[in-house]
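Beneath this line is the structure, given in structure tokens, with notes to follow.
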Amino acid sequence: MNVSGSSRSSGSSSTSRSSGTSSTSRTTSTPSTPRTASTTPAGFSGTSSFSRTATAPRSAATSSTARSSFAAAPASGSLKPGMSGPAVRSLQDKLRTAGFNPGTSDGKYGPRTESAVRDFQRSRGLQVDGIAGRRTMAALNGAGGTSGTTPGAPAGSPANGTARLNNQPAGKGMTTGTITVNGRSYQFNSGSRNLFSTPQGTYRVTAHRNSRSEAAFTRDGVGFSFRLEDARRPNSDAMYDPRAGRDRTALRIHPDGGATGTAGCIGVVGDAQTMRNFRDDMNAELRRNGGSYTLTVR
């Protein structure tokens, strides 16, 4: 009976064999691995598709989160960091025209736009808070009226051959102003936190370099420079500055490239077309006056 029981146990063994058969079936399926391999691309494609399907929502969620970090900017009123929309894009365009780089005009009030607003506020003596409020926007709109070119000098505009400073720091510091040449007016920056601005006086302006590539002398790929020197001392390449107590040399008129401000030169602000127009007007002024002309800085 034990043997017979063994025989029944053999049934279990049969089950085991059946299991073995199943194992054999798996083993049999092993040779079919090539077939499985041949179908792997389909299976892999399915996995890849699943992976892409699974990651797509995460990507979308991330994008949505990034977008949601910017709130819609109002059509009017103060513009602040974290806002987005057409009003912010317009602000970025005005900052760039005024010579302050906010990065790409993407309509998002991010760190670069805030930094440009702060630089502009600092240059105008406004409260430096990085918020484009009423006074900042009024100053920007005013800058837009004098920066770039105008089709001729309108009534009440500065006289040709003048560079008017908005203020003249008693010591080191940046100032802004408007230079009028060939009947057109352009905005400029002069000086910086640690450097004197252009000293007031009467200058003799001559050609220097009609094309330059150094960052400090280039704006949006357009570079040039014109020489400034004391009109009473031709060929001196100098102007006495009572604030510094010495002659200032190598003073130039050039694009305000690189960081905002200059080492005492007149740095014209604006986009590439503005730079081309200014250079053309300067060359026209020089041709008309026999190669040099007088510029009064006041």
- Task: Might you check whether a residue that is outside any loop (DSSP other than H, G, I, E, B) and in contact with a Pro (Cβ under 7 Å, 6 or more places away or on another chain) occurs anywhere in the range 224-233?
- Result: no
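Scan the range 234-253 residue by residue and report those that are assigned to a strand (DSSP E or B), open to solvent by 10 Å² or more (accessible area, probe 1.4 Å) and either hydrophobic (A, V, I, L, M, F, W, C) or touching a residue at least 40 places away in the same chain (Cβ under 8 Å) (or both).
Of the range 234-253, the ones assigned to a strand (DSSP E or B) are 238-241, 246-249, 252-253.
When the remaining residues are screened for being open to solvent by 10 Å² or more (accessible area, probe 1.4 Å), the result is 240, 246-249, 252.
The answer is 240, 248, 252.
Can you work out which of the residues in the range 193-215 that are open to solvent by less than 50 Å² (accessible area, probe 1.4 Å) and not in a strand (DSSP E or B) is farthest from residue 125 (Cα to Cα)?
Top of the filtered list is 212.
Can you pull out the residues in the range 172-192 that are in contact with a helix residue (DSSP H, G or I) (Cβ under 9 Å, 6 or more places away or on another chain) and either under 16 Å from residue 276 (Cβ atoms) or assigned to a strand (DSSP E or B) (or both)? Reasoning before the result, please.
Just the residues of the range 172-192 that are in contact with a helix residue (DSSP H, G or I) (Cβ under 9 Å, 6 or more places away or on another chain), to begin with: 174-176, 178-179, 181-187, 189.
Answer for the range 172-192, where residues must be in contact with a helix residue (DSSP H, G or I) (Cβ under 9 Å, 6 or more places away or on another chain) and either under 16 Å from residue 276 (Cβ atoms) or assigned to a strand (DSSP E or B) (or both): 175, 176, 178, 179, 181, 182, 184, 185, 186, 187, 189.
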- Message: Please determine whether any residue of the range 65-75 is within 18 Å of residue 140 (Cβ to Cβ), of a type outside the set (Phe, Trp, Tyr) and at pLDDT 85 or above.
- Response: no
- Go through the range 270-285 and count every residue that is buried (at least 19 other Cβ atoms within 10 Å of the Cβ) and outside any helix (DSSP H, G or I). 1
- Do the conditions hold for residue 226, that is, is it modelled with pLDDT of 95 or more and either over 17 Å from residue 184 (Cβ atoms) or surrounded by fewer than 16 Cβ atoms within 10 Å (Cβ to Cβ) (or both)? no
- Since residue 260 meets every condition but one in (1) more than 26 Å from residue 142 (Cβ to Cβ); (2) within 26 Å of the chain's Cα centre (by Cα); (3) of a type outside the set (A, V, I, L, M, F, W, C), which condition does it not meet? (1)
- Task: Filter the range 93-127 for residues that are open to solvent by less than 60 Å² (accessible area, probe 1.4 Å), small (Gly, Ala, Ser) and in a loop (DSSP other than H, G, I, E, B) and give the result.
- Result: 98, 99, 103, 105, 107, 110
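The values are calculated or read from the model by the stated rules, or taken from the named source; none is laboratory data. Quick caveat, the model's predicted, so the values are computed rather than measured. In this analysis, Cβ positions are derived from the backbone assuming ideal geometry, glycine residues included, and neighbour counts consider all displayed protein chains. Only protein heavy atoms, including side chains, enter the accessible area calculation; ligands, DNA and RNA are left aside. Shrake-Rupley method; radii C 1.70, N 1.55, O 1.52, S 1.80 Å.
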